[in-house]
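Working notes for the structure below.
The values are calculated or read from the model by the stated rules, or taken from the named source; none is laboratory data. In this text, all values refer to a predicted model and were calculated from it rather than measured experimentally. Here the Cβ is made from the backbone with ideal geometry for all residues, glycine too, and neighbour counts use every protein chain on show.
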There are 2 protein chains.
Amino acid sequence: MTRIPQRTVERFFRYCQFLHTRLEAGSEHVFSHELAAAVGVSPEQVRRDLMNFKLKGTPQRGYPIQEFMTELYAHLESSSLTKMVLLGVGNLGKAILSYFLKRRPNLSIVAAFDQDPEKTNRVYSGCQVHHIGQLEKIASREKAAVGIITVPASAAQEAADALVRAGVKGIVNFAPAQIKVPAGVFLDQIDITLSIEKAAYFARKNSLKEQLR
Amino acid sequence: MTRIPQRTVERFFRYCQFLHTRLEAGSEHVFSHELAAAVGVSPEQVRRDLMNFKLKGTPQRGYPIQEFMTELYAHLESSSLTKMVLLGVGNLGKAILSYFLKRRPNLSIVAAFDQDPEKTNRVYSGCQVHHIGQLEKIASREKAAVGIITVPASAAQEAADALVRAGVKGIVNFAPAQIKVPAGVFLDQIDITLSIEKAAYFARKNSLKEQLR
């Protein structure tokens, strides 16, 4: 199968997210313009995406949600279980653990790691916390594909290196430090504090502009 | 003063972040190539950015960190207090509250809001939690400039609308739903789950490629 570009994958996941909400609200069909508005893309983009699927919609009712989701999941191949590990059981780490506990049957955090002895050998949100020294052994044994980094900035690169040695092929780094991974490992870096600082910067600018008007 | 583009602002904040770490580690000077490596941009980009500052470096020692930070903060105007409010005191909300409690003297979350009566009229990480119904009153009284949204997807747009009515000029939305804000309000949307799903998708692809090699 051909590799779907990152932006398309992102849109497909957003479609899934929205369709799931609609299905829960009792809807059976969806119009492309509704999808476009919910996901924040143009209706043309949605229609182009829809050409990837063997999906029959009608102008009166739109597209059948259940079939649409089946097609999306087939493209995203997320019907099989993907195992993940989490490094750093601080506040953000705990928030992510608790989120994934029940909501995502096909995405499971199979083990968490921390260096604080107060936290190891305990269970948070159904997930066993081990000492960080055991990361490579446990992550390779479990065949974890994804690593989530929520350690402090100074420990982030070391954490990523250990994950790569353990065979992880995708990393999401939440530590406020830019890390590097070898080719063949997907990396996404999300700096929550930086986003909030940026919003504060532009909010100040916007306030100033309004005052000067 | 001219408006600095968003990517530049982001780099400037990353420079601050790295310089802060270096200063704490006892360094007094930094080389542009060190900055480039830490922030993940080219040395040429760093040198272009440095031309904005009245900063004198030497080839032997690099740039003086303390002066560099003073110049950066002057550009980012973050020496005055920016007030923020947070909506939704779940796990992620609590993680953000606890992060901002001590670490950022110029960025303060002055009030938090939730609809759960169990959480209101309590203090989390030094921040008073009010009922969501009081948002507009309190956020306008406090002149909050920034709103942080950590409510469920279904409540996100409503939360954003209330923030805009209260006069907030910058929003960071962590709810897994695309929201809309009027012109003049900065918006950043961070979907943590989506990033993890995307990493899982590309990790599966990368594993497959390795097996086929």
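Structure values in brief
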{"quantity": "Residue that is farthest from the other protein chains (Cβ to nearest Cβ) [pool: residues in the range A:198-213 that are at pLDDT 75 or above and more than 35 Å from the chain's Cα centre (by Cα)]", "calculated": "A:LEU208"}
{"quantity": "Where A:ALA183 falls short, out of the listed (1) surrounded by fewer than 18 Cβ atoms within 10 Å (Cβ to Cβ); (2) in contact with a helix residue (DSSP H, G or I) (Cβ under 9 Å, 6 or more places away or on another chain); (3) more than 7 Å from chain B (Cβ to nearest Cβ); (4) assigned to a loop (DSSP other than H, G, I, E, B)", "calculated": "(2)"}
{"quantity": "Among residues of the range B:133-163, those that are buried (at least 22 other Cβ atoms within 10 Å of the Cβ), modelled with pLDDT of 95 or more and assigned to a helix (DSSP H, G or I), counted", "calculated": "5"}
{"quantity": "Matching residues, the range A:121-180, being under 23 Å from A:LEU194 (Cβ atoms) and not hydrophobic (A, V, I, L, M, F, W, C)", "calculated": "A:GLY147, A:THR150, A:PRO152, A:SER154, A:GLN157, A:GLU158, A:ASP161, A:GLY170, A:ASN173, A:PRO176, A:GLN178, A:LYS180"}
{"quantity": "Counted residues, the range B:164-179 - those being more than 8 Å from chain A (Cβ to nearest Cβ) and either surrounded by fewer than 22 Cβ atoms within 10 Å (Cβ to Cβ) or β-branched (Val, Ile, Thr) (or both)", "calculated": "5"}
{"quantity": "Failed item in (1) in the same structural domain as A:GLU28 (by TED's automatic domain parsing); (2) not in a helix (DSSP H, G or I); (3) not aromatic (Phe, Trp, Tyr), with A:ILE109 passing the rest", "calculated": "(1)"}
{"quantity": "Qualifying residue in the range B:73-82 (condition: at the interface with another protein chain (Cβ under 9 Å from one of its Cβ atoms), touching a residue at least 24 places away in the same chain (Cβ under 8 Å) and outside any loop (DSSP other than H, G, I, E, B))", "calculated": "yes"}
{"quantity": "Residue in the range A:114-124 that is modelled with pLDDT of 95 or more, assigned to a strand (DSSP E or B), more than 14 Å from every other protein chain (Cβ to nearest Cβ) and within 13 Å of A:VAL89 (Cα to Cα) present", "calculated": "yes"}
{"quantity": "Odd one out for A:TYR63, checked against (1) outside any helix (DSSP H, G or I); (2) free of Cβ contacts under 8 Å to residues at least 24 places away in the same chain", "calculated": "(2)"}
{"quantity": "The range B:47-57: number of residues that are out of contact with any Phe, Trp or Tyr (no Cβ under 8 Å at 6 or more places or on another chain) and in a helix (DSSP H, G or I)", "calculated": "2"}
{"quantity": "Test: residue in the range A:93-101 that is surrounded by fewer than 20 Cβ atoms within 10 Å (Cβ to Cβ) and over 22 Å from B:PHE174 (Cβ atoms)", "calculated": "no"}
{"quantity": "In the range A:1-31, the residues that are surrounded by fewer than 19 Cβ atoms within 10 Å (Cβ to Cβ), away from every other protein chain (no Cβ under 12 Å) and part of a helix (DSSP H, G or I)", "calculated": "A:LEU23"}
